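Asks: Dumping the structure here so I can ask a few things about it.
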Amino acid sequence: MVYLTLLTGTPGTGKSSVAQYIQTRCKIPVFEINQFVKENELFIGYDHNKDTIIIDEQAVNDYLTDFLKKQKVVCFVGHSITFSALKNAQIVFVLRCDPAILRERLQNRGYTSTKIDENVDVEIMQICLEEARAFFKESTIIEINTAREQSLDIAENICSQIIVDKRNFEKNKTR
């Protein structure tokens, strides 16, 4: 059985930066969901209005199910992680950010005002957190505020939690 870690949050909360550190520090293979979907051609089209791919959820679930059977430990990162193949994740980190700081980060990335407003609204309404709560066991969800901490510090915190949780997972797996 695979030890599965998930990292989610609104765009701009620091997922990519933290994921890079997790891969290096924890020695865990990290896959970004959208990139994984694109590389494996698991989409059915492109939404030009939202500037995003349209994911084929059934194809993603089928592919992930087979992929996870071959893994011992893996981390998936993305703002959309509610695929049935990921339902049994051992730990789900939800990165959060103060909306004013998030707005500034997205402006610095060159997002359009519409895209900035949309993502800030998503953060205010806690969409990623609420989706995680609706889909995963509450005991697996850890909410982390990224507004004032550096990505490296956040990643160190996450790695420490993963190490402890993974040990418990391994103990329980052998019982």
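The values are calculated or read from the model by the stated rules, or taken from the named source; none is laboratory data. Owing to the predicted nature of the structure, the values given are computational and were not obtained by experimental measurement. Glycine gets a Cβ as well: all are built from the backbone with ideal geometry, and neighbour counts include every protein chain shown.
Asks: If a residue has to be closer than 20 Å to THR114 by Cα, among the polar types (S, T, N, Q) and at pLDDT 95 or above to count, how many in segment 8-58 make the cut?
Replies: Counting residues in segment 8-58 that are closer than 20 Å to THR114 by Cα, among the polar types (S, T, N, Q) and at pLDDT 95 or above gives 2.
Asks: Filter segment 30-50 for residues that are surrounded by 13 or more Cβ atoms within 10 Å (Cβ to Cβ) and either in contact (Cβ under 8 Å) with a residue 40 or more places away in the chain or assigned to a strand (DSSP E or B) (or both) and give the result.
Replies: VAL30, PHE31, GLU32, ILE33, ASN34, PHE36, PHE43
Asks: Right, here's the next one. Output the residues belonging to segment 58-107 that are of a type in the set (A, V, I, L, M) and in contact with an Asp or Glu (Cβ under 9 Å, 6 or more places away or on another chain).
Replies: ALA59, VAL77, ILE81, ALA85, ILE91, VAL94, LEU95, LEU102
Asks: So is CYS75 touching a Cys at 6+ places or on another chain (Cβ under 9 Å) and at pLDDT below 95 or not?
Replies: no
Asks: Among the candidates ALA89, ALA100, which residue alone is buried (at least 18 other Cβ atoms within 10 Å of the Cβ) and of a type in the set (Gly, Ala, Ser)?
Replies: Only one candidate qualifies: ALA89.
Asks: Looking at segment 134-163, which of its residues are acidic (Asp, Glu) and either touching a residue at least 40 places away in the same chain (Cβ under 8 Å) or under 23 Å from THR24 (Cβ atoms) (or both)?
Replies: GLU143, GLU149, ASP153, GLU156, listed by residue number.
Asks: Please give the helices (runs of 4 or more DSSP H) falling wholly within segment 84-175 in which 2 or more residues are among the aliphatic types (A, V, I, L, M) and more than 17 Å from GLY12 (Cα to Cα).
Replies: 127-135, 151-173
Asks: Are any residues in segment 8-29 closer than 18 Å to ILE141 by Cα and either surrounded by fewer than 16 Cβ atoms within 10 Å (Cβ to Cβ) or in contact with a Gly (Cβ under 8 Å, 6 or more places away or on another chain) (or both), and if so, which ones?
Replies: Passing the criteria: THR8, LYS15.
Asks: If the Cβ limit is 6 Å and pairs must be 6+ apart or interchain, which residue in segment 109-133 that is small (Gly, Ala, Ser) pairs with which residue that is surrounded by 11 or more Cβ atoms within 10 Å (Cβ to Cβ)?
Replies: ALA132/VAL92; ALA132/VAL94; ALA132/ILE141
Residues checked against (1) farther than 29 Å from ASN168 by Cα; (2) touching a residue at least 24 places away in the same chain (Cβ under 8 Å); (3) not polar (S, T, N, Q):
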{"residue": "LYS27", "(1), (2), (3)": "no, no, yes"}
{"residue": "ASP56", "(1), (2), (3)": "yes, no, yes"}
{"residue": "ASP62", "(1), (2), (3)": "no, no, yes"}
{"residue": "VAL77", "(1), (2), (3)": "no, yes, yes"}
{"residue": "ARG96", "(1), (2), (3)": "no, yes, yes"}
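Asks: Would you check which residues across segment 51-78 are in contact with a strand residue (DSSP E or B) (Cβ under 9 Å, 6 or more places away or on another chain) and either among the basic types (Lys, Arg) or assigned to a loop (DSSP other than H, G, I, E, B) (or both) and list them?
Replies: Once the filter is applied, which keeps residues that are in contact with a strand residue (DSSP E or B) (Cβ under 9 Å, 6 or more places away or on another chain) and either among the basic types (Lys, Arg) or assigned to a loop (DSSP other than H, G, I, E, B) (or both), segment 51-78 yields ASP56, GLN71, LYS72, GLY78.
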